[in-house]
Each structure stands twice: as C-alpha cells, then as structure tokens.
Amino acid sequence: MAEPYLVVENLTKVYERGQVVALKDLSFTVEKGEFLVVIGLSGSGKSTLLRCINRLIEPTAGRIFLSGVELTKLSPRAMRHMRRKIGMIFQQFNLIKRATVMTNVLTGRLGYNPTLLTLLGRFPKRDRELALKNLERVGLSEKAYVRADELSGGQQQRVGIARALMQEPELLLADEPVSALDPATSHSVMQYLEQMNKEDGVTVLASLHFLSLARRYGTRIIALKDGQLVFDGPPEAIDEVKFKEIYGEEAEEVEVR
Amino acid sequence: MIWGYVAYGVMYLLNKYWWTVPLERFYSTLSLPSWGWPLTILGTLEMAVLCRNLGRSLGLRAFGLEVWGAEGGPPRVGQRLIRLLAWHFSGLPFGVGVLVSPQRAWHDLVAGTVLQPSPPQAARRRAWLSQWGLMALLLLGLTIWLGWLIVHIDIGVLFRRGEEGLRIWREMLRPDFRYFAVPDPVFELRNLPYSILDMAVVTLFMALLATVLGALVAFPLSFLGARNIMGFSPVGWGVYFLMRGFFNVFRSIDTMLWAVIFAVWVLWGRPLAGVLALTVHTVAALGKLYSEQVEGIDPGPVEAVVAAGGSRLEVIRYAVLPQIAPAYWAFTMYRWDINVRMSTVIALVGGGGIGDLLFYYKNEGDWAKVGAVVMVIVAIVWAMDYISGRLRERIT
Amino acid sequence: MTNYPDGIVKDPPKWLTPQGLLDIVTPVLQGMGQRLGVVFLDLLAVGVVWILVSYTVNWHSRGEISYTLAPWWLFGLVTVELAALWESFGHSLGFKVARRELVGPGGAPPTPGQRVRYFLGWHFTVLPLVGLVFQRPWHERWAGLSPQPISLEGRIPPPWWRTSVGIYVAVFLVVGLAAATSTTVDEESLNRLFTQAWRTVKFWRALFSPDQSIILPSIRDLLVTIFMAVMATSFAVVVAVPLSFLAARNLMRGPLGRLIYTTLRGALSIMRSIEPIVWAIIFLVWVTARRAPFAGVLALWVHSIADLTKLYAERLESIDPGLIEAITATGANRLQVLRYAVVPQIINPYISFTLYRWDINIRMATVVGVVGGGGIGQRLFFYLKNLAWQQAGTVMILIVILVWAIDYLSARLRAKLA
Ligand SMILES: Nc1ncnc2c1ncn2[C@@H]1O[C@H](COP(=O)(O)OP(=O)(O)O)[C@@H](O)[C@H]1O
Ligand SMILES: [Mg+2]
C-alpha cells in the first residue's frame, strides 16, 4: 500500500508563553487530491495545526511527513525548499498593502529565484507572464498595477490565491480564508479553491468556521476541540449530536448561502 | 516643471560655487564670480532639458504626461536625441515652438513624437532605475557632499584630538559629587549659594510652574482658536485668525530666544526669566495642540446638547470637554516633559536653574563637576520622562 | 517523547522542579511586592508634600532654598505615621494606583474598630518589613481586612473632593505651586517685570526695523544651519536604521536578545536625556571652537540617533506579523522576508520620522549655535551679547521664516507619505 500523501503523527504543540497546550497528540492522514476541511471553535487549534505543517510554528513533539519526507526533521534551509510546494492563504490576506497587485503576486516566486535579483525587485520574464496568467485566472488581470490596499476584501483574497498559485503548489493550506468576507464573496473565493483542487489536483487543507461551507466544499472533515481530534469523516457523517459535541451545547447551525 | 527647475537650479548653483570659488571661509559660500551666474543658469537649463527628453521629467510626471512615438509605443533613442536637439531651438527662445503650435510643439514635430497622458496601468520601470529615483539619489549625494564642505566635517579631528576627548569623558565619568547637598564655596562670590540638589529642585519647580501656568492660559485660548467653536461670523473669523497667528508666531520663536528677552526684562540668571520664557512657549505650543484637538471632535454630542437647548458654555462643558479631556492631559504631560528638558539648559541664556551650574563649571573646565551635574540632569529628565509616560499611558 | 501530553498533565512533586518552586515563590513575592509598592508610594506621596511645605516655609522665613525644616527623625516619624493613618482610615494613593481597597470578609466595608486594629498592627508588620513575607500579613488577619480589587458594583463613586486621593492631589498641586512660586519668583525680578517693560521696547522696535545690510551674510549662516541639520539627520539615519532592529522588542528574542535590547534602550534614553546643547559644549571642547558647525553637527547627530532609533524601533514593534508569515510561507529566505514583508511596512513611517527629525534638528541647530555651535545661532547670540537689538531682531525674523517654511514643507511631505 502506498504511503498517504500527508501524515501527521502524535502532533503536540505547547506555547511556552502562557503554558497553553494548543494541540494534543494529534494524528491523521490526508490522501493526494483531497479537500480536507478543519472545523472547530475559535481557539481550538486550527491555525496552530496548519502552521505546524509548513513549520511557521515549530511543533513541540510529533512528526509530519509530506510525500514520505519527514518535515519535522528538515533543516531550515531544506524546509524553505519544501515550502515552495506548500501554498498558504490567510484570513487577513496578509498582502503587502503599499505594493501593487503584481508585486504581491510575484512574491509567490521568491523561493524559486536568486536572492540578489529579488532584493532588487527583479523577476524573470517567465514569472511576470505567469503572474499575469494567474491574475487572469482569478479574474483580476485588470487590476495588475493597482495598489493592493485599493481592492475590496474578496479581491484581496483572490490576490492571495494568485500568490499561492505562483508557487505551483502541491498542497494548499488555507487558514479561515473566508472569515473576513461576506457570504456571496465567500462562495466565489471557495470556488477558486475548489477549482485548484479539482483541475490542478492540489491537495487542500482549509479551516472554516461555517459547517455549511465545510459540507458544500469538503471531501472530508476533521474537527478539533481543545487541540484534540474529535471527528474525522465524510461531511455527511456530521449530525446533530456530533455538531453539539464539536461546538458545545448552545450552538445552533447557521447556513451560509 | 517649475519645481524641477527650481530644485535643479538651487542645487546646481550650490554645486557651481564650489568649483569656482576656493572655499577658505564659509562666509563666502554664496559668492560667484560675475561669469558664474550666466553659466549656472545655462547649466540648469541644460540639465532640465536633458531630463525632459531622456526620461520623464518631474514636470511631465506631475501632469501625468509621457513622450510617445507618433506611431505609438515608446520613442526610440534616436527620436529622443532629435527631440533634445530640436528643443533648444523651439523651447529655449522663450518657448516659441510651444507657443506657435501648442497642440504639438516644434520639437515634437521634428522628432516625430507626441505628448500623451500616460496610460494608468502600464507596467512601469522600477522606481530606482527611473529618472526620478536616480535624480533623488543624485540630489541626496550632492547635498551630502555640499554639506560636508559647508559644515567643515573633519572626522579626523575626533581622533587627532582623541586625547582631549577621552580626558573630558574620563573626568565626567568620575563625577565629583562633593557639592551635591552643600553649596560650592566659590558661589559665595556669585551670590548664589546653592547646591546641585537645590538647583535641581528649582529646575523642576520652574518646569512645574511653567507647565501649569501655560496650560491654564492655553485652555481658554484654545477654544478661541478652534474654527468649529468660533463659527463663521466675521468676529469669529477674526478671533480665530488672531489666535492661530499668535500661536504660530510665538511657537516658532524658540524658548531660548524668549529666555534672552525675559532675562533682559527681569534679571539675568533669575529663575523667573526662565519660567516666563517657558510659559510663553508653552502657551503657544499647547494652544495650537489643544485647538486642533477641539477641531477634531465628533460633532454628534454637540448637536445633542444644542438640541436639548444648551448654551454655548454648556455645549463646551457637556459635549466638548468630555471628548477632549484625555488628549488635553496627554498633551500637557508631554509638554511637562519638554519643559523639564528645556529648563535644564535654559540657564545658558540667563534663565536660571541647574544649567547655571553646568555652564559655570564648564567654563571653569571642571569636568568632574560637569559630570555630576549632567548625571543629575539625566536622572531628573529620565525620571520625569518615565512618570509622564506612565501617566499618559494610564490616561489614554 | 511519546507520552509528552501526559507528561504535561502529571508532573513530579511541584516543589522539586525549578518551575514548581517558582510557582510557589512567585505569588509570595508578588504579594509582598504589591504591598511594599503601596506602602512605598504612600510614604513617597506624604514625604513629597512635607518637603514641598518645607521649601515654602524656609523660603519665606529664612530666604533659603532648603528642604530641612525639622530634624530628620521628626520628618521620618511624621511621614510614617501620616502614611499609616492614610492607609488605615482613607483610601490611599498607593491602594488607588494598585486598584485595590481594604474590605472586610465578604466584601463588607471596614468598621472603625477594624481600621484602628489595622493601623496598630501596621506598625508591627509593615515597618520591620518581615511581616510582609506571609501571604496574608498579620495586621490584615488581626483586623480582618484584606486588599481586594475595587468593585464599583452598586456604588456611586463619590466626587473627588470627598475622596482622600482627590484631596491629596489638590493639596499636592497647591503646595507644589506655592513652593514653586516661592523659590522661582523673587520680589526683585517680579518688580522689574512690571516696572521695566520699557527695557524691551527697544527690542520690539528694533524687531520691526530690520537691518538690511546683514541679511545676506545671515542667509549664508542660515544655509549653514540647514546643512548642519541635514548632515546630522542623514548621518543619524545611517546609524539609527540598523540600531532600530536591535532595539525592537519583538525582534530581540531570547536571553541574549533581551540583554542587547535592554542595554541599548537604556543607553539611548540616557543619550536622549542630555539636551543637544550639553552635547555641543562637550564636542566643542573636543573638536575646538574653530570647527563650531562640526561640533553642532556631532551634538545633533548624537541626539538624533537616540531619538530616531526609538521612533523607528517603536514602529518596528508594531508591524503586522501576518505578512511575515505569508512571505515565509512562500519559501522565502530571511533577506527576502526582510525585503518583502518588513521593508514595505516601515519605509514610509521611517521617511516620515526622518523628516520630522530634520524639522526638529533645524530648530535645534539654531539653538545649538548659541553655545558656539556654528550657523545662524552663533550669529544671533553674538548680536544679543553685544546688545545689537536691531541686528538680533533681523536674524530672529529670518529664523522664524525658516522655521515656518521647514515646518510647512515637512508637514506637507509627511501628509503625502501617510
Ligand atoms: N503565540 C501564541 N502564544 C500563546 N498561546 C497561543 C499563541 N497562539 C495561539 N495560542 C493559543 O493556542 C490555542 C489555539 O489557538 P489557534 O490555533 O489560533 O486556534 P484557532 O485558529 O482554532 O482559533 C488558543 O488557546 C490560543 O490562545
Ligand atoms: Mg485561527
């Protein structure tokens, strides 16, 4: 049997400051091409989990394998090399606000280009063309030379997606990509993620707040509660009882259309 | 365009004098020989012309224009050079070429170029490569070069006289606190029998008095200097401009200058002169800050009080004051901080306080005692900075 | 490593591990520190008022600036007793600052009897300090009172003149102003202030009849002043930018980083506490008065470094960590993260701070000239010393114009950058 694409083994994260145990002995696997949705309350450790995978946060204990490579053992240099294949998008978009959309998108190629040139702000012609192509893909070719902070929230998140696309990723980590957006915009952004997943075969790990969105886009759902895995299965398997278990007794399910 | 010319002109002029006049004394900085001026003007124009034609000049940039080839696309190098040459015949003689055919100037016709609004979304060249960025770098370099010469910067002297410098530091770092609490006997002659500690306290008192007085005076004045309170009647306008003018003029005369005036007025070296100088400057500075704060208030509560039938004073008491109180306190604390700093040195111009000792000992060359005074000053300023920072934090 | 999560939950006996020991000692120290802080503040507050009163009384009775009114033991005794009374029978400044108040069991307001016992017990536990080691000091147990966080539930806060802290602040201000006026305002100069206004008439008149013959040389000196400010600012930037990274708390992690951060910040604040004028007199002796403008530049330079580094570092401390994460996640290395995540966030504020500082430096450069630091200030001081009012007035007008112009220019530029 082939090894699963992403393996998380006994992952534990303790924040030194405040002695918070954010992740407790977490284990799961992800197959290539899956659209895995992580749900859970605020503070349940979703962001910590996603950031442990590309080691923006150093795990305290446990191991993570990506296509058989143990990420947790890599040197910083090798990890940087690996990160090129792991795209990431953020709740707050995290764009360079004062720079043009083009520059923002090009930063996705930083890992591929020599430092000296990128420090001067130069990118190869091929990258510039690729950037335009990716912007067209997210429907923003008009805005290539507009400053990023002049865009609406949905457009900014699409720039974030284009930046991730520039990395030609195999794995995409999306940390609450639509939490700062309104429902209609949320769907359009989620559809781009779905498209990446289906057409490019990118494995997606997305944390979401709304169960309805998770059901609509996810091929599988895992749920965290206080840093522990409380559910792992197909979207349909989450019923009333499970829902209450994940979100607490008082919670009501809300639809996002 | 004019700005570009002026900037280049000034810089070029300054550059020029260095080549033509041997710099013996910096008082001769602006003198040029008689033939220097025309040369300078010509050089400036030439520079402007170069920039206009080879890149996008500042003027073109400001108007959002760009030079394009007639058949579209950026102009070729040849076209640029021809335009440059032609410009001397059409632009230089008082701009005939432009005046005669304003649509498309002569030099543009000759070179086969057009001036167009630049397309907003064109991929630009990198800023640091563009003529603008290069110009900025050039100007910066030139400025530093000039400054180096004008100010007579001579880093070597720091080392050549390193012995001397080290001696000062060594003596200052071995401070002489003998007269910290008891007056130095030499002052009996100066009729100022005060110890360092006494003077430190006086300095703090000076700052305290100046700040409180200044804030008390600035407070009512700030309403007179706020446009939204004064309204738009002619009297209101008049008072507003008077107040603002007063704040601005008095603020830009430094505390030290005020101290000189007051030192002549009252007695040289008496703390009162320093207090008055600090107070005047405080009134002007705080008045400006305060009134800007009043202008920035949210008009909602004012409307509410007016709607409830409040008079102008009631509006100030119930709608304006609550909104500005935290900022007022913060500004006052900030000013207190500045006043403490200033009062430590105001003695230099006859303002009294601890600076008196500092400059006296310095003139005596008694660096160990200077060191002691400086340390006391640092302690005072540091402590007051800390306290006012903490208080400001708590208020806001 | 495999049973790590359990290890977090089940620890060896607490007091055996350093962490456990710390856990036990910390609250004791914290409680002690807090109570000490309260007492210290109250003593300070009472003592300062006493000293202020002494200054006032001494000045008026003996015409001296002196804080000794009574023997030191009387001073100590009165201060301690007053502080104790204040803490027991009122709501003292120390408690107010610590946001605590004394309450009986169950949050009941203290009775007079309890207060008296607190006052008496205070002498035996707080004064020798040892009593504070206990988690609940003995006098608190005896009186049945304990300091609790202030709760305003169901209470109308009294107006300030009914609270002891309010009264204290009022008294402090009154006494402070009294002491300040008595020591700084002497009769002789006050008389002159009112009777000798004519002395300045000459000055005001001169101010409005400028001496045109000195305008050109004055403009040259103005130029020197401007260049002094420019040079000081640009050299300060070169030093302050790298230093700011070392002085930013969020970038300096770990024990070594903390050490660098603390020492640097301390050194900078000392450098900032010394006015440029004082720096100038030091440098003037060093590089000799022949190179006065250079000494001025050095003085401004030192002060600007301290100021700019602080401003820059504060800006660095508030940068958005999200962008750093985002750029790191693309596989960028440290330099690239610096270039694409940090620099875009700081470049405009840095330029704007620099302009602001340049503006200040121009003003300070004129002042530094007064001690012989070169430029227009030196000229001005020369005229003032020789009582050449007309010339001094001319120079002052020029300075005001320059300061205005620079102020306006830098404000416009900064508004554009924001
Ligand atoms: N930098 C940090 N330092 C200390 N504790 C943290 C830090 N970041 C997150 N935590 C804590 O870790 C837990 C998980 O946080 P997070 O992963 O952000 O949850 P989520 O993304 O699901 O809202 C929370 O209890 C949070 O308070
Ligand atoms: Mg989160």
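The values are calculated or read from the model by the stated rules, or taken from the named source; none is laboratory data. Because the structure is a prediction, the values reported are computed rather than measured. With ideal geometry, Cβ positions are generated from the backbone for all residues, glycine too; neighbour counts draw on all protein chains shown. Areas reflect the complete protein model, heavy atoms only, side chains present, ligands, DNA and RNA absent. Shrake-Rupley method; radii C 1.70, N 1.55, O 1.52, S 1.80 Å.
Of note:
- Helices (runs of 4 or more DSSP H) lying entirely in region C:130-216 (those with 3 or more residues that are more than 26 Å from residue C:111 (Cα to Cα)): C:164-184, C:187-195, C:198-207
- Residue in region A:140-148 that is surrounded by fewer than 24 Cβ atoms within 10 Å (Cβ to Cβ) and either under 20 Å from residue C:324 (Cα atoms) or within 14 Å of chain C (Cβ to nearest Cβ) (or both) present: yes
- Of the numbered criteria (1) more than 17 Å from residue C:235 (Cβ to Cβ); (2) facing another protein chain (nearest Cβ under 9 Å), the one residue C:289 fails is (2).
- On the stretch given as region C:347-361, residues that are within 11 Å of another protein chain (Cβ to nearest Cβ) and open to solvent by less than 10 Å² (accessible area, probe 1.4 Å) total 0.
- Within region B:348-372, the set of residues being more than 10 Å from chain C (Cβ to nearest Cβ) and closer than 14 Å to residue B:187 by Cβ comprises B:354, B:356, B:357, B:360, B:361, B:364, B:366, B:369.
- Remark: pairs (first residue in region B:162-173, in contact (Cβ under 8 Å) with a residue 60 or more places away in the chain; second residue surrounded by 14 or more Cβ atoms within 10 Å (Cβ to Cβ) and not small (Gly, Ala, Ser); Cβ separation under 7 Å; 6+ apart in sequence or on different chains) = B:168/B:367; B:168/C:282; B:168/C:285; B:168/C:286; B:171/B:367; B:172/B:367; B:172/B:370; B:172/B:374.
- Residues of region A:220-238 classified as open to solvent by less than 50 Å² (accessible area, probe 1.4 Å) and over 15 Å from residue A:41 (Cβ atoms), total: 4
For every residue, the table says whether it meets (1) in contact (Cβ under 8 Å) with a residue 40 or more places away in the chain; (2) buried (at least 16 other Cβ atoms within 10 Å of the Cβ); (3) within 7 Å of chain B (Cβ to nearest Cβ).
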{"residue": "C:218", "(1), (2), (3)": "yes, yes, no"}
{"residue": "C:259", "(1), (2), (3)": "no, no, no"}
{"residue": "C:262", "(1), (2), (3)": "no, no, no"}
{"residue": "C:268", "(1), (2), (3)": "yes, yes, no"}
{"residue": "C:278", "(1), (2), (3)": "no, yes, yes"}
{"residue": "C:309", "(1), (2), (3)": "yes, yes, no"}
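- Whichever residue in region C:115-167 is of a type in the set (Ser, Thr, Tyr) and out of contact with any helix residue (DSSP H, G or I) (no Cβ under 6 Å at 6 or more places or on another chain) and, among such residues, is farthest from residue C:90 (Cα to Cα): C:151
- Restricting region A:24-51 to residues that are open to solvent by 30 Å² or more (accessible area, probe 1.4 Å) and near ligand 2 (Cβ under 9 Å from one of its atoms), the residue that is nearest to the chain's Cα centre (by Cα) is A:47.
Residues checked against (1) surrounded by fewer than 19 Cβ atoms within 10 Å (Cβ to Cβ); (2) within 7 Å of chain B (Cβ to nearest Cβ); (3) not basic (Lys, Arg):
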site	(1), (2), (3)
C:183	no, yes, yes
C:209	yes, no, yes
C:230	no, yes, yes
C:247	no, no, yes
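- Scope region A:36-49; condition within 8 Å of ligand 1 (Cβ to nearest atom) and either over 25 Å from residue A:80 (Cβ atoms) or within 14 Å of chain C (Cβ to nearest Cβ) (or both); matching residues: A:40, A:41, A:42, A:43, A:44, A:45, A:47, A:48
- Qualifying residue in region A:182-197 (condition: within 25 Å of residue A:103 (Cβ to Cβ) and within 16 Å of ligand 2 (Cβ to nearest atom)): no
- Every residue from region B:226-267 that is within 30 Å of residue B:314 (Cβ to Cβ), among the aromatic types (Phe, Trp, Tyr) and at pLDDT 85 or above: B:237, B:240, B:241, B:246, B:247
- Residues of region B:273-324 that are in a helix (DSSP H, G or I), of a type in the set (Ser, Thr, Tyr) and open to solvent by 10 Å² or more (accessible area, probe 1.4 Å): B:279, B:318.
- Condition check for residue A:118 on (1) farther than 16 Å from residue C:323 by Cα; (2) more than 8 Å from every other protein chain (Cβ to nearest Cβ); (3) not aliphatic (A, V, I, L, M): one failure, at (2).
- Any hit, region C:296-306, residues being at pLDDT below 90, over 21 Å from residue B:150 (Cα atoms) and open to solvent by less than 30 Å² (accessible area, probe 1.4 Å): no
Here is a yes/no grid of residues against (1) open to solvent by less than 50 Å² (accessible area, probe 1.4 Å); (2) modelled with pLDDT under 80; (3) aromatic (Phe, Trp, Tyr):
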position: C:172; (1), (2), (3): no, no, yes
position: C:186; (1), (2), (3): yes, yes, no
position: C:204; (1), (2), (3): no, yes, yes
position: C:213; (1), (2), (3): no, no, no
position: C:221; (1), (2), (3): yes, no, no
position: C:244; (1), (2), (3): yes, no, no
position: C:256; (1), (2), (3): no, no, no
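- Filtered by the rule that a residue be open to solvent by less than 40 Å² (accessible area, probe 1.4 Å) and part of a loop (DSSP other than H, G, I, E, B), region A:173-198 gives A:176, A:177, A:178, A:181.
- Selection count where residues are facing another protein chain (nearest Cβ under 7 Å) and among the β-branched types (Val, Ile, Thr), scope region A:87-115: 3
- Given (1) in contact (Cβ under 8 Å) with a residue 24 or more places away in the chain; (2) surrounded by 14 or more Cβ atoms within 10 Å (Cβ to Cβ); (3) at negative phi, number of the condition residue C:144 does not satisfy: (3)
- Checked against (1) of a type in the set (Lys, Arg); (2) away from ligand 2 (no atom under 16 Å from the Cβ); (3) on the phi < 0 side of the Ramachandran plot, residue A:55 passes all but a single condition, namely (3).
- Put simply, of C:125, C:111 the only residue that is more than 10 Å from chain B (Cβ to nearest Cβ) and open to solvent by 30 Å² or more (accessible area, probe 1.4 Å) is C:111.
- Subset of region A:3-17 [of a type outside the set (S, T, N, Q) and away from ligand 2 (no atom under 16 Å from the Cβ)]: A:3, A:4, A:5, A:6, A:7, A:8, A:9, A:11, A:14, A:16, A:17
- Residue among A:205, A:213, A:224, A:229 that alone is within 16 Å of ligand 1 (Cβ to nearest atom) and in a helix (DSSP H, G or I): A:213
- Conditions (1) within 16 Å of ligand 1 (Cβ to nearest atom); (2) over 15 Å from the mean Cα position of the chain (by Cα); (3) among the β-branched types (Val, Ile, Thr); (4) open to solvent by less than 20 Å² (accessible area, probe 1.4 Å): number failed by residue A:101: (1)
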